[in-house]
Amino acid sequence: MEQPTHDLRPFQSTAVQSTERRAISVAVVAGIHVLAIYALATGLASQLVQKGLEEIKAEVVQEKPPDMPKTPPPPPPELQKPPPPFVPPPDINLQTQSTAPAITQVTTTITPPPPPAPPAAKPAPVITTPVSVGKAHECQSKYPPLAMRLAHEGTVVLGMTVNVDGSVSNVHVVQSSGHDELDQGAVGCASSWHYKPATEGNQPITHEWQASVKYKLTG
């Protein structure tokens, strides 16, 4: 007797689909768990690292550095006081009283007359010199004999005083001839000379005079 045949394909297909859906669900749930576990693990690790850092920081902070000399803070800058505000003075118009006219002082300067001119100076009196009276004075004719024997020649310069009466005095040798007999002969010769006296304003005066006596041998 033949058994009835049944088509099992629809049943197998439904079972396969159910198995696939279950596998997908399991995979999804497993993935969710994995993600949750990873998240928890990651957060916990970060918390552990953060906590370790805080402990290390706390330990570092707790260590006090060696006492160092404290430097005083710099003094605060001096603040210059601002200048007081400039207040312009108020314009005050004062009415000035009219001033009196200035008094002009007139000074009169009186110039004294010039002093009188001094009297004209009198002309200086004319002074004349002595003039020999008679022939020209000479002593050649009275040649000293000793000088002639010794053949002495020369010129003697004599000084003398011509008096107001024309006579001579104080006859002396001013410049010698080099020979004593000639000098002495000239002094003796001139002592007898006579002059017209010197005058000052036509008045005879005493006058100092000089004369030369020359001795020269002839032939």
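No lab work stands behind these numbers, since they all come straight from the coordinates. None of these values were measured; they are calculated from a predicted model. A quick note on method: Cβ atoms are made from the backbone with ideal geometry, for glycine too, and the neighbour counts reach across all protein chains shown.
A few comments on the model shown:
- Scanning segment 160-185 for residues that are more than 13 Å from PRO130 (Cβ to Cβ), surrounded by 15 or more Cβ atoms within 10 Å (Cβ to Cβ) and out of contact with any helix residue (DSSP H, G or I) (no Cβ under 9 Å at 6 or more places or on another chain) yields ASP183, GLN184.
- Taking segment 162-186 as the range and being part of a helix (DSSP H, G or I) and within 13 Å of GLN210 (Cβ to Cβ) as the test, only ALA186 passes.
- Residue check for LYS214: under 18 Å from SER141 (Cβ atoms), touching a residue at least 12 places away in the same chain (Cβ under 8 Å), in contact with a strand residue (DSSP E or B) (Cβ under 7 Å, 6 or more places away or on another chain) and not β-branched (Val, Ile, Thr): yes
- Annotation note: of VAL156, VAL174, the sole residue that is touching a strand residue (DSSP E or B) at 6+ places or on another chain (Cβ under 8 Å) and closer than 13 Å to LYS216 by Cα is VAL156.
So that you can scan it fast, the table gives a plain yes or no per residue for (1) over 60 Å from the mean Cα position of the chain (by Cα); (2) assigned to a loop (DSSP other than H, G, I, E, B):
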position	(1), (2)
PRO115	no, yes
PRO119	no, yes
LYS122	yes, yes
PRO125	yes, yes
THR129	yes, yes
GLU138	yes, yes
ARG149	yes, no
VAL156	yes, no
MET160	yes, no
